[in-house]
Every structure is written in C-alpha cells, then in structure tokens.
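The values are calculated or read from the model by the stated rules, or taken from the named source; none is laboratory data. Here the structure is a predicted model, which means the values were calculated and not measured. Cβ sites come from the backbone with ideal geometry, for glycine too, and all protein chains shown count toward neighbours.
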Amino acid sequence: MKQNKSYIASIAITLLLSFTLTAAPLWAASKEEIKQEKTDIRKMAKETLARLYKVQPSAQKAVSKSAGYAVFSNFGMKIFVAGGGSGKGIVIESKTKKETFMNMAELQAGIGMGIKKFRLVWVFENHKDLTEFINSGWEFGGQTSAAAKAGDEGGAFAGAMSVSPGIWLYQLTDDGLALELTGKGTKYYKDDDLN
C-alpha cells in the first residue's frame, strides 16, 4: 500500500512537470509577441504596486528608497499530492530604471487540492543583493518561511517579510497582504526570451 502511494505521487509529479514544460510554446516568439508580453508584465507590475500602496502605504517609501525592486505574478495549482506554479515578473533598478524580466517556478508536495493566485513585491535595500538576485536568481528551500512585521514595528517595511538582511518581500493575495510566506521549492531566474 505504501509503495502504491509513492508510485501515485511519482506519476502526479511527472504529469505536473510535463504539463508545465509543454505549456510553454515550442516555437520562438515573434518580436510582436515579445513586445506584448513585456507590456503585459509592466502593466501587471504597475497594478500590483498600486494595490500594495493602497493596502500598505508605507511600502511606497520602502520601494522608492530601495536599490531596486521586483514584481511577480504567480498562478499555481495543487492536485492531490503534488502542486506547482509559474509566474513572470520584472526587476527594476531604482537608479538607472534598467529592467530585467524574470520567471518563477514552484513545486510543492503534500496532500490537497486548490488553485492560488498571488503577487509578490521584492524590495532590495542594497545594490549587491539586487544584482545577485538578477544574475543568480533566488531559490527557496523546502521549509523556508517568513513572517511579516506588523504595525509600526516594521517602519517603512511594515507588512513585509524579511527574507534575508536587506531583502524584503510583500505577498499580495485577493484578500490583501499575506502575513506569512512559505516558499516551497520556488526558483527565480532570468527570462532569456524577454531580455
């Protein structure tokens, strides 16, 4: 029976990964498609920041004083024992306004079903961490979690989660700001097609 469950889990993960990989187009995108995708990502980022500033006004100061920030939109689903998601985003260096388009991929294990959508806003206090995020990406391990600072305790970063010293993360759901983030197998990396 135990062997049966692990066999089913293996099949579910394989199917999920196959779906994720085959969902991407097998042909090169045209210049018009690339231009449109960049426009859509910029629009998503602008809307996400507007929503964030509405629910957490102090975030505007945190973003404006940062070395740079990143905005991602994620769509994920979980079916029985495996789940995953993917997303797109943009990193903007505050001083130069240089844009870098990035992807995110997420894989989760565990019992359950559901669909989740959320937006993430990363804020980098120093240029070194920003550059590292752009060039090397970021990867959350299996048990990474962070709790948000509440009220005045966080100052400009109230409502944000401290991921690492000098790196903050806001997670927006349909209900507003999430107070806890659990990143299970989430990876961020440059989008070679859009850069």
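Any residue that is more than 19 Å from TYR189 (Cβ to Cβ), surrounded by 12 or more Cβ atoms within 10 Å (Cβ to Cβ) and either modelled with pLDDT under 90 or in contact with a His (Cβ under 9 Å, 6 or more places away or on another chain) (or both) - is there at least one of those in segment 44-60? So far as segment 44-60 goes, no, none of its residues is more than 19 Å from TYR189 (Cβ to Cβ), surrounded by 12 or more Cβ atoms within 10 Å (Cβ to Cβ) and either modelled with pLDDT under 90 or in contact with a His (Cβ under 9 Å, 6 or more places away or on another chain) (or both). Among strands (runs of 3 or more DSSP E) entirely within segment 95-195, having at least 3 residues that are under 29 Å from SER30 (Cα atoms) and at pLDDT 80 or above singles out 99-124, 186-190. Filtering segment 43-77 to residues that are of a type in the set (Ser, Thr, Tyr) and not in a helix (DSSP H, G or I) leaves SER66, TYR69, SER73.
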